[in-house]
1. Go ahead and estimate [θ] at 222 nm for chain C from helices alone: -39,500 (n - 2.57) per DSSP H run with n ≥ 4, summed, over the residue count, rounded to 500.
2. Taking the Cα-to-Cβ direction at D:Tyr78 and at B:Met90 and moving 7 Å from each Cα, how far apart do the two end points lie in nm?
3. Starting from the Cα gyration tensor of the range C:275-404, multiply each eigenvalue by 5, take the square root, and state the resulting semi-axes largest first in whole Å.
4. What's the exposure ranking of C:Tyr183, A:Tyr87, going from fewest to most Cβ atoms within 10 Å?
5. Select from A:Leu39, A:Leu59, A:Leu19 the residue whose mean-square fluctuation is largest in a Gaussian network model of chain A (Cα-Cα springs shorter than 10 Å).
6. Among D:Val30, D:Gly19, D:Leu49, which residue has its Cα positioned farthest towards the positive end of the charge dipole of chain D, with +1 placed on the Cβ of Lys and Arg, -1 on the Cβ of Asp and Glu, and the dipole taken about the Cα centre?
7. In nm, give the distance between the simple-model label positions of C:Glu98 and D:Met90, each being 7 Å from the Cα along the Cα-to-Cβ direction.
8. Rounded, prolate or oblate: which one fits chain C, using the alpha carbon gyration tensor with axes a ≥ b ≥ c (rounded when a/c is under 1.5, else prolate when a/b beats b/c, else oblate)?
Amino acid sequence: MVPLYYYLIFSALLFSVGLAGALTRRNAILVLIGIELMLNAANLNFIAFWRYSPDPEALTGMMFVIFSIAVAAAEAAVGLALIIAIYRHYRTVDLTKVDSLKG
Amino acid sequence: MGITFAIIAALTLVSAIAAMSLRNLVHCALSLAVTFAGIAAMYLQLDAQFVGFAQILVYIGAVAILIVFAILLTRSSETPQPVISRSWIMGIVIALAVFGVLTKVILSSSIAQRELPAKPAPTVRQIGDQLMTRYVLPLEAIGLLLTAATIGAVIIAMHDKKGRGDGGQNVNSTPSRAEAHQHADETHNLIT
Amino acid sequence: MIGEFFKGLFLMIWKVVTDQPDPKVEFVSVFPATIQPIISVLLSIVPIIMVFASLFALTTLLERKGLGRIQNRLGPNRVGPFGLFQPVADGLKMLTKEDIVPHSADKLIHFLAPIVLLVPTLLAYAVLPFGQNMVPIDMDAGILFFFAVGASTELSIFMAGWSSRNKYSLLGAMRAIAQMISYEIPLIISSVTVIMIAGSLSLVEIVDKQSGYHFGFLPHWNVFTPWGLAGFIIFLIASLAESNRSPFDIPEAESEIIAGHLTEYSGFKYALFFLAEYLGMFAVSGLAVTLFLGGWRAPLPFLEIVPSYIWFLLKLMGLVCLFIWIRGTLPRLRVDQLLNFAWKFMLPMSLINLFVAAIWHFTSVWNFRGAGLGRWLLCAAMIAVPYVWLGRTLIGNKKITHRTYRFAN
Amino acid sequence: MLGEGIIKGMVETAKNFVGSYHDPKRLTTVEYPENKIPAKENARNFPFLVFDGVDADKGLRCVACQICEKECPPKCIYIIKDTVKKPDYMGKMQIQPKIFDIDISVCMSCQICVEVCPFEAIKMDTQFELSTTDRFENLLLNKRELAKPNEYYHKIHPTEATEVDERLAAEKAKAEAKAKADAEAKAKATVAAAAAKAAPTPVPAPAK
């Protein structure tokens, strides 16, 4: 079996990919996808820590992931609703063009 | 076991990179679905069956579909940007820096070297028991959150219907938007 | 070696026929230890694929014959005696047809879609208990697995519809997704009632909970309780919609959008879609049998000598025949009717059903005289009243009369 | 109540299902190549040429007037007139078509040729089993393939054929009567002329 840090590094990589995407892409949907990737990387960390903890029967990490998935689903729904609202208002989902608060 | 991990990790990473870098948005969404599946496989490898299946059910069955709908409703309008722009370099640099710091911390930690303990048997019954006893307060909070989100989605959808008259050129997108909210609804209900 | 091989093989066949536990053990032990797991897995997979693929062939024939008879026709009777080889002819035709890919289609996704659809559908069979000793995997979260793989078929339908670059395909795929997502909720909630009463997500345990008989003849199946009956009907309607069958076949409505997401598929890929659709129908019927109709259990005590998998297949075929009958009877719904029905009727009914199942669970401690009948009647009333009320609001106060045509006369 | 109609419908289809097995009268279809439903009298498919008598070459009613060729909307009729008159089945000299082709892969069964034909020579057939392996040669029907006797016409469209025959007979009778009258008048005229030769005042010939 692989040691714990394999999973941790893998999840760090996934997190970085998501972060890079969220920072570089300008389409709001792609930014949201990047955020989802980061969230999943964090969830993977929780599960890995739970599995490798001395007392896995406590289920703490797993519970956290279950709640996190629930919140993430709601977040995705609300986020996409926001994106569609922005699209209907500005006719674009390019985040650099949505800058009316910049003054 | 190392080989399985390597295969899943490679597949997940490649599809994640594809999800973040492809030009066609629908391709991005589909590779995102592959990434989600890979992460679910990771969960299964870590003996977390319940979470793995929940991941597939919620992320592939609902979130990916939701993203696909959003892509189709907004029409991809990303103007082609120069491959190496300033923000692009900045983003990559920041991501690499984050990765470097994380890796350094992980490798210097003693916990990270820990070997796999004996296989626990987290039955679904145990999870249910814990949810109803120790974690009952978070569960209620989640229930409240999802109910609020559901009601909010319904209200937005109903409001849309009323505002259809002054929507002008948006008339076409209105029903599909209501549909999108139904899907949002659905996502909530799936988990509750 | 060869002697042992055949001995193991015959022992396995004998054990399967007589329905004994662990039929594979002796045969698998013939092989070297390194390939034993693979052989064991193959021995589970190959029969499933073969049995259900031939069941698919049989069902296409049965469906065409049955539909013919329902419409006072003869049905296919040209190929072989009574048209028995019609599926073979159809299959040959499908395989030899040219595979046409539209010029502007997204080739890769167009190619992947049927495969991505077929694989989860086959995966769903992994957790179904086909017989007393025939469970591919006894998973702790079996039913969750079933729904998880079921949910991933939606994406493949989207892939098929989007990659074809055809507006009908995309429309069909959108309709299919809207329909499948809407009906997935009643489907899951109605099976949650069973999970709640059985106290387990494992399908094997759910079947075990339905063993035994009332008064010596009435089996303890879930369908014989008020919540079980309501749940079964909700499950059946939702599974009709999930498998895109008439009257919920608007994703493939020929008269409106050609064939929906299947429009641009031909030849072998189309055959794969067709196969996946039918396999999905068998899987969801198998789940209905497991959850509500006692799985592989015999309906009467003295019939238990018949092997358990025969009962499973018989119940499965019964449900499939019911599906065919419904297809021959009901016209197709409109999209708005379909979604209204899902959100305004099925969802409230399944939530009420969940509540009633909870009451059933809590009244099981009653032990006064006539408690059994009392709680049966209480629960039945709690389902019947909302049913009548919801049904009335759904239909509205419209009196159904002959239609008058203003301009035709 | 919700669901009542569904139950009713299911009972109805179940009745159909069971009934179709023991009550053959319910079956609305026949097993085609073995059993055929006789074509309805008003059925029509592609045109054919009617001939009287026994010899198709001689008895053809068509006189190659080419009206149908001109009227045909998809232009699927091709006629070449014969240059010499030939005796028909009655022995009367007639121009006949040398070539009369109909391309039934082009024909749209509009029946305009039948409407315009002044000689009742072209009629609609009910034959529909015309599939061949060669769509060019075998779907281009020539005069010989098109010619069918009047009895055949009677068989497939009895009412219409009788009507046509009556009309033709009436016309023929009229023509004969007229011819007779003409002949009589002529005879009379010749007699009169002869008489007039003899007599000084000639009788004017009857108007034709």
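1. Values: 16 runs with 260 residues, N = 409.
That comes out to -21000 deg cm²/dmol.
2. 7.8 nm
3. Values: eigenvalues 189, 150, 36 Å².
Its equivalent ellipsoid spans semi-axes of 31, 27, 13 Å.
4. Values: C:Tyr183 25, A:Tyr87 22.
Arranged by neighbour count, lowest to highest, C:Tyr183, A:Tyr87 become A:Tyr87, C:Tyr183.
5. A:Leu59
6. Highest projection toward the positive end goes to D:Leu49.
7. A separation of 5.7 nm, rounded to one decimal place.
8. Working: a/c = 1.72, a/b = 1.03, b/c = 1.66.
Note, shape of chain C comes out oblate.
We did not get these values from a lab; they are worked out from the coordinates using the rules stated. Computed from a predicted model, the values in this text were never measured in an experiment. Here the Cβ is made from the backbone with ideal geometry for all residues, glycine too, and neighbour counts use every protein chain on show.
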